[in-house]
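Input: a single structure, listed below in structure tokens.
The values are calculated or read from the model by the stated rules, or taken from the named source; none is laboratory data. Because the structure is a prediction, the values reported are computed rather than measured. FYI the Cβ positions are ideal-geometry reconstructions off the backbone, even for glycines, and counts take in every protein chain you see.
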Amino acid sequence: MNERKNFKSRLMKQLFEDLLTDTSILLANELYTAISASNLRKTTSILIDFWGDEFDQVETAYKIYSTEPIWKSIEKQFGKSVKSTLYCIVERRKYETKQEYPIKGRGGKPIINNTVVVEVFYELMNVLDSNEDVGQQLGERLCKLDPFQFQKLNMIYKQVRLLTDTIKLINKYNYSINKPMYFATLIHDELHKELIDSLSVQRFFIFRSEIDLHTIDKLYKVIYGIDLSEDVKQRYYGEYGYALLKLLKKREIPDIFQHSIPILPPLLPLIEV
């Protein structure tokens, strides 16, 4: 009984520490842990979620945990092609306006610059027909597009050539577009591990905005047939479980987001990388 009580106390203590710690430091810690463990899935989930100067703040905090630069560590663990693609995604988002609505963006569907999409399409065909480094070349071209342009490219590119590296790289870029679906999958996997990583679960909730969590919750029900909050209740009890549920309901969602959210299918099937 005492052991269980001590375990609950440790969970609450860790939760309070996380809530009082600067988010950039928490993200730097998560990123360092993921890279060190060669966990590309988790590394990707962190890097695709930065906007503006958020990455720069985490990059500074990363020095607390490692003397090696982030991108050097990523290249060492995952290779140049992966590093090139992730770097391009991060750099692109430094200069994009953050969209609070995770799938459509505020104000409805934007006007798409089809000229850019067509140019990238033909460049993509040339790269796939060449003997060059497909991974790096592909990453550089896909990163020219914003999420809506990438969806348009996917419509044009009907016949996907089954090159393993190509599929994996396009899939990583897809994560950055349909993030709520990706995060719903990650949270589910954490909750259903044989040994649940409570730290990862609570940090997923801390890092997500209330709009993200609202969308993730809707997708979670569609994919797994159960509300995320109900799944959390079945695995966590007492004060800690209640605290996690409060994180899921950070504050009331604005009316504009209460309408049904269209579920975009993955551009390619989710592939374990």
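Structure summary
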item: Residue within the stretch 202-217 that is assigned by TED's automatic domain parsing to the domain that holds L248, surrounded by fewer than 16 Cβ atoms within 10 Å (Cβ to Cβ), free of Cβ contacts under 8 Å to residues at least 12 places away in the same chain and closer than 13 Å to L248 by Cα present; result: no
item: Single residue of the stretch 60-75 satisfying the filter (assigned to a helix (DSSP H, G or I) and out of contact with any Asp or Glu (no Cβ under 8 Å at 6 or more places or on another chain)) that is farthest from S38 (Cα to Cα); result: T60
item: Test set (1) under 19 Å from the mean Cα position of the chain (by Cα); (2) farther than 17 Å from L20 by Cα; (3) not aromatic (F, W, Y) - L199 fails condition number; result: (2)
item: Single residue of the stretch 92-133 satisfying the filter (over 27 Å from P180 (Cβ atoms) and β-branched (V, I, T)) that is modelled with the lowest pLDDT; result: V127
item: Residue match in the stretch 252-260 (condition: more than 20 Å from the chain's Cα centre (by Cα), among the polar types (S, T, N, Q), more than 27 Å from M125 (Cβ to Cβ) and at pLDDT 75 or above); result: no
item: Breaking point among (1) closer than 24 Å to T23 by Cβ; (2) aliphatic (A, V, I, L, M); (3) at pLDDT below 75, for I187; result: (3)
item: Residue list for the stretch 206-246, filter: touching a helix residue (DSSP H, G or I) at 6+ places or on another chain (Cβ under 9 Å), of a type in the set (K, R) and assigned to a helix (DSSP H, G or I); result: K218, K221, K233, R235
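Per-residue answers, yes or no, for (1) surrounded by 20 or more Cβ atoms within 10 Å (Cβ to Cβ); (2) under 23 Å from D212 (Cα atoms); (3) at pLDDT 80 or above; (4) among the acidic types (D, E):
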| site | (1), (2), (3), (4) |
| --- | --- |
| S36 | no, no, yes, no |
| T44 | yes, yes, yes, no |
| G52 | no, yes, no, no |
| Q57 | no, yes, yes, no |
| K63 | no, no, yes, no |
| K83 | yes, no, yes, no |
| V90 | yes, yes, yes, no |
